Amino acid sequence: MAGTVLITGGTGYIGSFTSLELLDAGYDVIIVDNLYNSSEEVLNRIQLICGKRPKFYNVDVTDEEGLDRVFKKHPEIDSVIHFAALKSVGESTEKPVEYYRVNVGGTIALLGAMEKNNVKNIVFSSSATVYGDATKHENMIPIPEHCPIGPTNPYGRTKMMIEMVIQDHVESHPGWNGALLRYFNPAGAHPSGIMGEDPQGVPYNLLPLLGQVAVGRREKLMVYGTDYASHDGTAIRDYIHVIDLAKGHIAALAKLHNDNPGCRAWNLGTGKGSTVLDMVKAFSKVVGRDLPYQVAERRKGDVLDLTAMPTRANIELGWKAKMTLEEACKDLWKWVLNNPQGYRQSPPQELLDA
Ligand code: NAD
Ligand code: WQD
């Protein structure tokens with residue numbers, strides 16, 4: 001089943017990989033993004049890899065009229081994948097209203113434009129962060145979708161609210177379907193070294209920071225907390241290769257079209273937890289030297305363990321994460337080594353010739 005998909009936030013990290021996978025699978029892709037945290041160069045990279053170029057509109061997701069114009073121009077759009085959002089947990093504690101405005105407000109504008117144009121399938125980028133601290137509940141690690149939700153920061157609360165808005169909208173509108181995809185920790189890049197994560201400011205997440213340490217843009221990694229109840233004292237996360245994550249969206253779209261499931265949440269993770277120091281070791285191995293780090297206090301709002309129980313997605317979506325942590329580290333290394341300035345430079349000729 002292929003069709004035409006509108007992707008909000010499609011020039012961002014996960015959106016770009018999902019666009020690529022969709023094009024490869026025969027879908028047509030139309031991206032709207034205001035380039036707040038991404039660059040149009042991504043479109044060239046997608047084209048370099050798969051020979052097809054998504055259509056692109058510079059539209060703010062909170063601008064319902066702007067979105068409406070895109071839907072009117074492309075009546076062939078049959079589904080939406082909604083990535084556009086602000087995503088820095090730390091920043092969300094400083095500017096919570098801006099996070100609610102863009103994330104929650106943007107989703108409401110999008111649903112309005114979809115409704116006007118009779119588009120009824122939405123796949124939404126939710127996050128494992130909606131679970132908050134799952135270790136405080138009994139037997140909830142690895143985390144199943146029925147684990148009580150309780151995010152610990154404004155960013156996470158925007159995701160929880162959006163889930164509720166979509167759920168209520170789908171329930172009150174027959175024929176609509178919503179996939180709430182709760183991502184665990186995306187990692188890695190394209191194995192060609194041509195596409196990867198290119199955060200515009202100071203990264204917040206572990207892997208882009210490790211990448212910057214490896215290329216010398218940063219002196220060392222700060223390891224936040226060594227007094228957690230894990231094998232080495234550092235916190236546990238479920239790192240999933242971004243290509244596996246992207247494929248999960250295609251499986252979810254197919255589910256919405258084939259089975260009309262209404263609104264449903266699915267975890268997208270591997271089911272395997274790794275500590276911060278496991279990641280430092282895995283990445284150091286690929287880079288070929290020990291990456292420097294310094295132990296620091298726990299980061300505010302962090303939790304001990306976010307490891308997915310991915311069984312529901314495995315069974316219902318027929319999707320499973322297949323790529324290894326080593327592949328994620330290798331691909332990340334190839335990306336940062338060849339694109340130290342991210343998308344602000346052309347990729348080296350040898351990658352293009354490969
Ligand atoms: P990203 O910042 O790379 O991509 C988000 C995209 O949205 C960017 O291209 C940005 O320019 C765009 N955007 C932001 N505000 C916009 C606006 N007002 N109008 C239009 N476009 C706007 O982030 P990502 O890592 O690719 O994340 C994609 C989605 O997945 C987000 O919703 C994020 O919250 C969610 N998510 C990410 C992670 C993660 O660790 N990366 C984990 C769980 C969930
Ligand atoms: C992973 C581990 C840190 C940086 C966040 C959001 C979540 C989702 C993914 C977005 C933690 C440790 C990190 C550093 C460190 N985001 N760490 N030194 O916190 O699991 O999840 O990003 O949509 O919603 O909450 O990911 O990569 O920031 O951290 O020691 O410099 O690495 O403490 O244990 P996290 P992360």
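The values are calculated or read from the model by the stated rules, or taken from the named source; none is laboratory data. These figures come from a predicted structure and were not determined experimentally. Methodologically, a virtual Cβ is constructed for each residue, glycine included, from the backbone with ideal geometry; neighbour enumeration extends over all protein chains shown. Only protein heavy atoms, including side chains, enter the accessible area calculation; ligands, DNA and RNA are left aside. Shrake-Rupley method; radii C 1.70, N 1.55, O 1.52, S 1.80 Å.
Return the long-range amide H neighbours of Phe56 (sequence gap of 5 or more, or a different chain), with a cut-off of under 5 Å between placed amide H atoms.
Residues meeting the criterion, in which the H sits 1.01 Å from N, are Ile31.
Compute the separation of the alpha-carbon centres of segment 55-100 and segment 144-213 and state it in Å as a whole number.
Measuring centre to centre over Cα atoms gives 14 Å.
Can you tell me which of 212-225, 159-172, 284-297, 187-200 comes out highest on packing, and rank the rest after it, using the mean Cβ neighbours within 10 Å?
187-200, 159-172, 212-225, 284-297
Please compute the Kirkwood hydrodynamic radius over segment 200-315, one decimal place, Å, based on all pairs of different Cα atoms.
One decimal place: 16.2 Å for the Kirkwood radius.
Note the per residue figure in Å³ for the convex hull of the C-alpha positions in segment 8-49.
57
Given just the C-alpha atoms of segment 313-354, how large is their convex hull per residue in cubic angstrom?
Each residue corresponds to 116 Å³ of Cα convex hull volume.
Provide the per residue accessible area, probe 1.4 Å, for segment 11-117, rounded to a whole number of square angstrom.
On a per-residue basis, segment 11-117 sits at 41 Å².
If only Cα atoms are counted, what is the Rg of the chain, and what is its Dmax, in Å?
19.3, 57
Could you tally the net charge around Gly12, taking each other residue with its Cβ under 10 Å from the Cβ of Gly12, Lys/Arg +1 and Asp/Glu -1?
The answer is -2.
Starting from the coordinates of the alpha-carbon atoms of segment 58-152, obtain the Kirkwood hydrodynamic radius over all distinct pairs and give the value in Å to one decimal.
One decimal place: 15.2 Å for the Kirkwood radius.
Cβ under 12 Å from Gly188's Cβ, Gly188 left aside: what net charge do those residues give with Lys, Arg +1 and Asp, Glu -1?
-3
Considering all projection directions equally, how large on average is the shadow of the alpha-carbon convex hull of segment 116-230, in square nanometres?
Projected over every direction and averaged, the Cα hull of segment 116-230 covers 11.2 nm².
Can you give me the % of accessible surface on segment 42-81 that is carbon or sulfur? Probe 1.4 Å, all protein chains present, nothing else counted.
Carbon with sulfur: 46 percent of the solvent-accessible area.
Tell me the Kirkwood radius of segment 77-121: reciprocal of the mean inverse pair distance over distinct alpha-carbon atoms, in Å.
Mean inverse Cα-Cα distance, inverted, gives 11.5 Å.
Could you tally the net charge around Val97, taking each other residue with its Cβ under 13 Å from the Cβ of Val97, Lys/Arg +1 and Asp/Glu -1?
Here the count lands on 0.
Would you work out the relative contact order for the chain, in percent, from Cα pairs under 8 angstrom that are 6 or more residues apart?
19
Run the Debye formula on the Cα coordinates of segment 1-90, all scatterers equal and no solvent, and tell me log10 I(q)/I(0) at q = 0.13, 0.18, 0.19, 0.22 1/Å.
Taken in order of the listed q values, log10 I(q)/I(0) reads -0.38, -0.72, -0.80, -1.06.
Counting only protein heavy atoms, what percent of the accessible surface of segment 181-272 is carbon or sulfur at a 1.4 Å probe?
Answer for segment 181-272 is 47 percent, counting heavy atoms of protein chains only.
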